[in-house]
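The structure appears right after this line, and notes come after that.
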Amino acid sequence: MRVYLPSTLTLLAGVHAAREIGPAPLAAHAVTPALREWYASGDLEELEYAAMSAAARASLRLLAADPSAPRRRVVLAAEVPDDAISRSNTDPGDGDRALVEVSAAVPWKKIASGHVDAPDAAPDIAEAAAALAAADAGDDDARFTVDGAEGHELLWYATQELPHLLG
């Protein structure tokens, strides 16, 4: 199963050094039955984009929790065995229809690609990370700022290119 793992450039450096994403359990995003039901008209590519977007929102939360991390969202796409998915989100009422839990560390060789904000997105991502708590509390202006981060498309990187982002 293809999963999308939220990360940051700081966490990516640790993943690269350890040659795996871990320890388990890992929160990830994937095309789940709940996502398929919610987005019934979407084809697989659109569903995967929705799952990756959910992971990008989770990456923004990681950035909000780590003010020292460079202000660029990171999502790692990986292939994991179906039996490594220990829990799928079955409650679409909580808003994260793509959420899954991976029950084992993911080896570097299973990472298919990385998706990272362009450097010029950093100011908007920084503002969105700073506004996240207020947006969660119901502030409409903060929600607008957070939603603005989603206007930036993540760039695609092959796995052999990811170490170049760390320097």
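Coordinate-derived values only; no laboratory data. Keep in mind the model is a prediction, meaning the values are calculated, not measured. FYI the Cβ positions are ideal-geometry reconstructions off the backbone, even for glycines, and counts take in every protein chain you see.
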* Where nothing but the Cβ of Lys and Arg (+1) and of Asp and Glu (-1) is charged, how large is the charge dipole of region 23-151 around its Cα centre, in debye to the nearest 20? -> 520 debye
* Cleavage-rule hits, trypsin sites (Lys or Arg not before Pro), region 13-121, DSSP coil, Cβ neighbours within 10 Å at most 14 -> 19
* Structure fact -> By the C-alpha gyration tensor axes a ≥ b ≥ c (rounded if a/c is under 1.5, else prolate when a/b exceeds b/c, else oblate), the shape of region 51-150 is oblate
* To do: Kindly put 52, 1 in sequence by how many other C-beta atoms sit within 10 Å of each C-beta, fewest to most.
  => 1, 52
* To do: Rounded, prolate or oblate: pick one for the chain, where a ≥ b ≥ c are the square roots of the eigenvalues of its C-alpha gyration tensor, a/c under 1.5 means rounded, and failing that, prolate if a/b is larger than b/c, else oblate.
  => oblate
* To do: Return the sequence-ordered ³J(HN,Hα) values of region 152-159 in whole Hz as given by the Karplus equation 6.51 cos²θ - 1.76 cosθ + 1.60 applied to θ = phi - 60°, using x for Gly and Pro.
  => 8, 7, 6, 7, 8, 10, 5, 4
* So who's got an amide H within less than 5 Å of the one on residue 85, skipping anything under 5 residues away but keeping other chains? H placed 1.01 Å off N, in plane. -> 103
* Return 66, 96 ranked ascending by Cβ neighbour count within 10 Å, so the fewest neighbours appear first. => 66, 96
* Asked: Exposure proxy check: 5, 44 ranked by fewest other beta carbons within 10 Å?
  -> 44, 5
* Structure fact -> Hydrophobic long helices for the chain, i.e. whole DSSP H runs reaching 24 angstrom or more by Cα along the axis with Kyte-Doolittle mean at least -0.5, come out as 44-65
* Asked: Relative contact order for region 2-160 using alpha-carbon pairs under 8 Å, separation at least 6, rounded to a whole percent?
  -> 28 percent
